[in-house]
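Novice: Structure incoming, see below.
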Amino acid sequence: MDHSGHDHSAHMDHSGHGDMSAAGDMHSGHPGMGGGPPRCSMNMLFTWNTENLCIVFRQWRIDSTFTLVVSLLAIVALAAGYEALREGIRQYEAWTNKRVETAPHSRDQYRDDEDVEPQHEEEERLAETTTPWFLGQHAAEVTKRAHAIKSVLYGIQNFYAFMIMLIFMTYNGWVMLACSLGAALGYFIFGSRTTATKDTACH
């Protein structure tokens, strides 16, 4: 009887150890329970919670009040910078349009028309006032080169806008307010000569 009792207790002890090891495996399988870095909090509904909030990138994590304040200020600056970029592109377009108007046309356009020769001479005189970057270029060449540059700027502007849209789509109230505040601040500083009506669907 004594031997059987010892056997049963030993068997029970082994089963207990097995349950503990299994429980340990379950805990180690849970994300964030095994000592690894905390996972980013992904929200698809509006929230004010900033715990483990990641903004666009995993490395941009909100883990303290200080990082929250710094991140919100950075978002305000980014949104305002977008308005500065838009204003810079508008000024470049106005500058290139003025240069196209003063650039001389090709002489091929005047080969069979003697009446417009004085106009061609006037355009050449006006072209002397252009910057060295445009000297020797006809209106068609200026337009083609300016359009290529504007195409690059257009791509940069759209990339910038989509990045701000992704920041806004964290669905966090503080981040949304920072985006809106930055846009308003940027328009106040850089948009004095433009309409307040948005002309694009994204940002």
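Novice: Considering only protein heavy atoms, with the full assembly of protein chains and a 1.4 angstrom probe, order Lys98, Lys144 by accessible area, largest first.
Specialist: I get Lys144, Lys98, largest accessible area first.
Novice: Could you order Glu141, Glu51, Glu93 by accessible surface area, starting with the largest, using a probe radius of 1.4 Å?
Specialist: Ranked list, largest accessible area first: Glu51, Glu141, Glu93.
Novice: Order the following by accessible area, largest value first: Leu45, Leu177. Probe radius 1.4 Å; ligands, DNA and RNA are ignored. Before the final figure, lay out each step's value.
Specialist: Values: Leu45 135, Leu177 95 Å².
Largest accessible area first, the list is Leu45, Leu177.
Novice: Roughly how many nanometres apart are two label points built 7 Å out from the Cα toward the Cβ at Trp60 and Ala74?
Specialist: Reported label-point gap for Trp60 and Ala74 is 0.7 nm.
The values are calculated or read from the model by the stated rules, or taken from the named source; none is laboratory data. Computed from a predicted model, the values in this text were never measured in an experiment. Every residue, glycine as well, gets a Cβ built from its backbone with ideal geometry; the counts of neighbours run over all protein chains shown. Quick note on the areas: whole protein, heavy atoms, side chains included, nothing else; ligands and nucleic acids left out. Shrake-Rupley method; radii C 1.70, N 1.55, O 1.52, S 1.80 Å.
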